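Notes for the one structure printed next.
Just so it is clear, none of the values below were taken in a lab; they were calculated from the coordinates. What you see is a predicted model, and the numbers here were worked out from it, not measured in a lab. No Cβ is skipped: glycine too gets one built from the backbone with ideal geometry, and neighbour counts run over all protein chains shown.
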Amino acid sequence: MTDTPKTPRFATQAIHAGASPDPATGARAQPIYFTNGFVFDSTEQAADIFNMRRTGFSYSRGSNPTVAALERRVAALEGAKAAVAVSSGQSALLLVMLTLMKSGDAYVASPRLFGGSLGLMRRLDGRYDLKPLFAKGLTPADFEAAITPETRAIICESIVNPCATVMDVEGIAEVARRHGLPLVVDNTLASPALIRPIEHGADIVVHSTSKFLGGSGQTIGGVICDAGRFDWAKTDHYNLITGEWPDYDGLVITERFPDNPFAVACRLFGLRDLGPGLSPMNAFLTLTGIETLPLRMARHCANARTVAAYLKDHPAVAWVSYPGLPGQPGEALAQRYVPQGPGSIFTFALKGGEPAALKFITSLELISHLVNIGEIKSLAIHPATTTHRQLPKDEKEAACVGPDTVRLSIGLENVEDLVADIEQALAQVG
Ligand SMILES: *Cc1c(COP(=O)(O)O)cnc(C)c1O
């Protein structure tokens with residue numbers, strides 16, 4: 001007999017963490033609580049819940065039992081103290097930034113980020129005076145060099161969309177710690193099955209659950225995870241988290257919720273005030289998707305590696321950006337952080353430039369031409385004219401997106417069928 005471990009291992013948590021048979025009915029699957037309101041026991045209880053003196057459900061914009069099950073599960077998988085689910089990955093990053101910072105503040109950002117994050121950062125800079133300071137390169141020293149006295153956070157991805165670069169999260173976390181700044185890591189492309197950024201020193205982890213966590217490309221969502229480690233009260237910069245909320249009878253979040261004050265601030269400001277909550281139906285679908293996450297990620301990585309290796313040797317292909325292959329830039333970081341492989345989203349370029357890239361995409365038969373990633377189905381897109389279209393030329397270059405570049409998201413089909421589809425599409429490129 002083997003001892004039952006105190007903390008169940010990852011695959012077990014993916015199936016069980018945060019949810020249990022419904023005490024009211026015995027239902028084994030997580031019930032979907034489609035209700036906006038929850039009846040109060042008394043006027044005192046209602047007032048206490050509103051003022052955060054007591055936990056409990058009141059209105060589904062701020063919290064809902066089905067959504068809470070998803071939050072507990074993602075928090076468990078990431079090793080976080082708490083999580084807050086929101087309506088999209090985009091709103092997850094937005095709420096993190098608005099909870100941490102106010103006009104006039106700045107943050108250091110990776111120069112290689114998802115196009116939507118770069119677009120959001122530019123808009124918040126122009127309209128709300130939240131300044132992104134882009135690191136000149138990808139090393140921890142590059143991030144450190146970009147820090148100014150106004151800097152309030154560091155933001156990077158664990159594995160970069162679209163080029164699969166694996167970031168040195170531990171090195172960047174050390175810079176953040178040295179400067180008393182929280183490190184925010186977008187872990188969408190790795191998922192906690194491949195990288196758990198909190199174990200490498202991250203303070204806040206965000207996800208687009210629309211990708212690998214949901215897994216089937218059926219529903220949009222996002223999650224914010226709070227490691228619960230950052231000392232917010234060391235400065236008065238984070239006053240939403242450490243200052244008094246006069247309209248909540250002088251609530252000071254770090255005092256009443258010392259274990260996970262950032263998550264509480266995100267829920268109070270981000271969900272109660274700003275409002276982008278997740279639907280219970282979407283939470284249910286995402287929760288169900290997560291149950292197969294470890295199995296899917298192993299197959300995603302294996303298929304991606306085979307496809308990337310095939311492309312690398314093809315005469316029509318100029319380069320492949322998949323650091324899971326030997327001899328690739330960033331190979332050492334990929335080996336250190338993701339021995340299973342750097343996920344299944346990567347780019348490659350065609351020697352025939354943009355016409356060849358577009359012809360390749362439209363010649364695919366099995367692989368779908370669409371803009372999502374991280375699905376069971378394999379997908380392809382031309383980033384320069386779609387996901388990265390709105391970016392200026394230098395930001396496109398920093399993201400390694402040229403007119404000749406194709407992004408693939410490799411799914412779970414039989415890999416020989418995938419290679420055959422790519423082979424016939426490349427044959428048409430000439
Ligand atoms: C897709 C994506 C987002 C945005 O998520 P949505 O759910 O589409 O809003 C954020 N970060 C990364 C890395 C992504 O791939």
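Miscellaneous remarks
- Between Leu366 and Val252, the contour length at 0.36 nm per residue exceeds the Cα-Cα span by 35.6 nm.
- Simple rule: put +1 on each Lys or Arg Cβ and -1 on each Asp or Glu Cβ in the range 123-184, find the dipole, and look at Gly137, Ala176, Ala153; the Cα lying farthest toward the positive end is Ala153.
- Percentage of interatomic Cα-Cα distances in the range 294-429 larger than 24 Å: 24 percent
- When Leu189, Leu295 are sorted by how many other C-beta atoms sit within 10 angstrom of their C-beta, beginning with the fewest, the order is Leu295, Leu189.
- Only the Cβ atoms of Lys and Arg (+1) and of Asp and Glu (-1) were treated as charged; on that basis the dipole of the range 10-290 about its Cα centre amounts to roughly 560 debye.
- Taking 7 Å steps out from each Cα toward its Cβ at Arg53 and Tyr128 produces label points 3.2 nm apart.
- Secondary-structure-derived ellipticity at 222 nm for the chain, considering helices only, amounts to -10500 deg cm²/dmol, per-run term -39500 (n - 2.57) for DSSP H runs with n ≥ 4.
- Size descriptor for the range 239-291, Kirkwood hydrodynamic radius: 12.6 Å (Cα pairs only, one decimal).
- Antiparallel bridge percentage (DSSP; both residues within the chain; nearest 5): 60 percent
- Euclidean distance of C-alpha centroids, the range 259-309 and the range 373-430, integer Å: 23 Å
- Near the amide H of Ile32, within less than 5 Å, lie no amide hydrogens of residues on another chain or at least 5 residues away, with H placed in the peptide plane.
- For the range 165-306, a Kirkwood radius taken over Cα pairs fed into Stokes-Einstein (10 °C, viscosity 1.306 mPa s) yields D = 94 µm²/s.
- Note that the range 323-398, at 10 °C in a medium of 1.306 mPa s, gets a Stokes-Einstein diffusion coefficient of 110 µm²/s from its Kirkwood radius over C-alpha pairs.
- For the range 305-310, 3J(HN,Hα) per residue [Karplus equation, 6.51 cos²θ - 1.76 cosθ + 1.60, θ = phi - 60°, Hz, x = Gly/Pro]: 4, 5, 5, 4, 5, 4
- Taking one quarter of the surface of the C-alpha convex hull of the range 104-181 gives a mean projected area of 4.7 nm².
- Built from the Cα atoms of the chain, the convex hull projects on average onto 22.3 nm², one quarter of its surface area.
- Approximate spin-label separation Lys6-Arg272, in nm, with each point projected 7 Å along Cα-to-Cβ: 3.5 nm
- FRET efficiency estimate (nearest 0.05) - Cβ-Cβ, Gln428 to Lys234, R0 45 angstrom: 0.15
- Per residue, the average separation of C-alpha pairs within less than 8 Å and at least 6 apart gives the chain a relative contact order of 17 percent.
- For a straight C-alpha distance cut-off of 25 angstrom, the lysines reachable from Lys131 (same-chain residues fewer than eight places away being disregarded) are Lys102, Lys234, Lys393, Lys396.
- Extension gain, Gln45 to Thr288: 0.36 nm times the residue separation minus the Cα-Cα distance gives 84.2 nm.
- Per-bin percent of Cα-Cα distances, the range 8-75 [5 Å]: 4, 15, 21, 21, 18, 12, 7, 3, 1
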